[in-house]
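These notes concern the structure reproduced below.
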Amino acid sequence: MSSVGFWLAIWITFVGLSTATSAQVRVIDGDTLVIGEQTYRINGIDAPEHGQRCGDWACGKAATQAMGALSVSGPIVCHAISEDAFGRTIADCFVGEVNLGQWMVSSGFAWAFLKYSTQYAEDERRAQKRELGIWRGSFQPPWEYRKRRWATASQKAPDGCPIKGNISKNGRIYHAPWSPWYERTRISTAKGERWFCSEAEAIAAGWRAPHWY
């Protein structure tokens, strides 16, 4: 399927959903949303990072766009399960009857995060068999991508703390090594910008992850 046909198929799917929108929703990436002041990590999935590529395909951007389209297709309801080390709420989230996690995995925009849940294992097998999204070519699982980027950036960062805490007109935003803006971001400690050793540390200090939608 061509890229035009691929996104047209997605658009047709979304047209069938509610057209109501939520101004409170912000999309961090294909598996993380901010609703109001609360950050939700979608349970049971791991989507490619926004700046990640799968071969010649910008799979991370596509996953973020897919979640962005879902997020404006109707009111989102999230059912909290637990909280992770970053203070994010692990949750099953829905737009009407559509389970966001299941939709992302079954459409090839995310992996079933089997390390933590087998909830979408069968959806992943079906997507892989149909060669949808990430399964149509070469890829690196996001947990391996993050680990590799972190290891490389840590070698160059002060005290081995590679997260960049940037201050801009959009506020205090931190960039992890897998952010597409990471390499072009310069830190000026004179302006109050700083380095962090973990996302949890950055969040606790008042910085936030970048929103794409």
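Data overview
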{"item": "First in the range 83-101 and over 17 Å from Val25 (Cβ atoms), second anywhere and among the charged types (D, E, K, R) and open to solvent by 50 Å² or more (accessible area, probe 1.4 Å), Cβ under 8 Å, 6 or more apart", "result": "Ile90/Glu83"}
{"item": "Which numbered condition Pro162 fails, given (1) in contact with a helix residue (DSSP H, G or I) (Cβ under 9 Å, 6 or more places away or on another chain); (2) at pLDDT below 95", "result": "(2)"}
{"item": "Test: residue in the range 49-70 that is within 23 Å of Tyr120 (Cα to Cα), open to solvent by less than 10 Å² (accessible area, probe 1.4 Å), outside any helix (DSSP H, G or I) and among the acidic types (Asp, Glu)", "result": "no"}
{"item": "The range 80-112: number of residues that are buried (at least 18 other Cβ atoms within 10 Å of the Cβ) and small (Gly, Ala, Ser)", "result": "7"}
{"item": "Looking only at the range 47-70, and only at residues there that are under 8 Å from the mean Cα position of the chain (by Cα) and not small (Gly, Ala, Ser), the one that is nearest to Trp135 (Cα to Cα)", "result": "Pro48"}
{"item": "Flag for Ala151 being small (Gly, Ala, Ser), part of a helix (DSSP H, G or I), modelled with pLDDT of 95 or more and open to solvent by 20 Å² or more (accessible area, probe 1.4 Å)", "result": "yes"}
{"item": "Every residue from the range 154-184 that is assigned to a loop (DSSP other than H, G, I, E, B) and not hydroxyl-bearing (Ser, Thr, Tyr)", "result": "Ala157, Cys161, Pro162, Lys169, Asn170, Ala176, Pro177, Trp178, Pro180, Trp181, Glu183, Arg184"}
{"item": "Residues satisfying the stated conditions in the range 123-144, i.e. open to solvent by 90 Å² or more (accessible area, probe 1.4 Å), of a type outside the set (Asp, Glu) and not in a helix (DSSP H, G or I)", "result": "Arg130"}
{"item": "Residue within the range 113-122 that is open to solvent by 20 Å² or more (accessible area, probe 1.4 Å), of a type in the set (Val, Ile, Thr) and part of a loop (DSSP other than H, G, I, E, B) present", "result": "yes"}
{"item": "Long-range neighbours under 6 Å by Cβ, at least six apart or interchain, first residue without any contact (Cβ under 8 Å) to a residue 24 or more places away in the chain within the range 136-161, second of a type outside the set (Asp, Glu)", "result": "Ser154/Gly160; Ser154/Pro162"}
{"item": "Selected residue [in contact with a Gly (Cβ under 7 Å, 6 or more places away or on another chain) and surrounded by 13 or more Cβ atoms within 10 Å (Cβ to Cβ)] from Ile163, Ile173, Ile167", "result": "Ile167"}
{"item": "Given (1) closer than 18 Å to Trp135 by Cα; (2) of a type outside the set (Gly, Ala, Ser); (3) touching a residue at least 60 places away in the same chain (Cβ under 8 Å); (4) buried (at least 17 other Cβ atoms within 10 Å of the Cβ), number of the condition Thr32 does not satisfy", "result": "(1)"}
{"item": "Hits in the range 193-211 (condition: closer than 24 Å to Gly68 by Cα, open to solvent by 60 Å² or more (accessible area, probe 1.4 Å) and not aliphatic (A, V, I, L, M))", "result": "Arg208, His211"}
{"item": "So Ile187, is it at pLDDT 95 or above, part of a loop (DSSP other than H, G, I, E, B) and over 21 Å from the mean Cα position of the chain (by Cα)", "result": "yes"}
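The values are calculated or read from the model by the stated rules, or taken from the named source; none is laboratory data. Keep in mind the model is a prediction, meaning the values are calculated, not measured. FYI the Cβ positions are ideal-geometry reconstructions off the backbone, even for glycines, and counts take in every protein chain you see. In case anyone asks, the SASA skips ligands and DNA or RNA and just uses the protein heavy atoms, side chains included. Shrake-Rupley method; radii C 1.70, N 1.55, O 1.52, S 1.80 Å.
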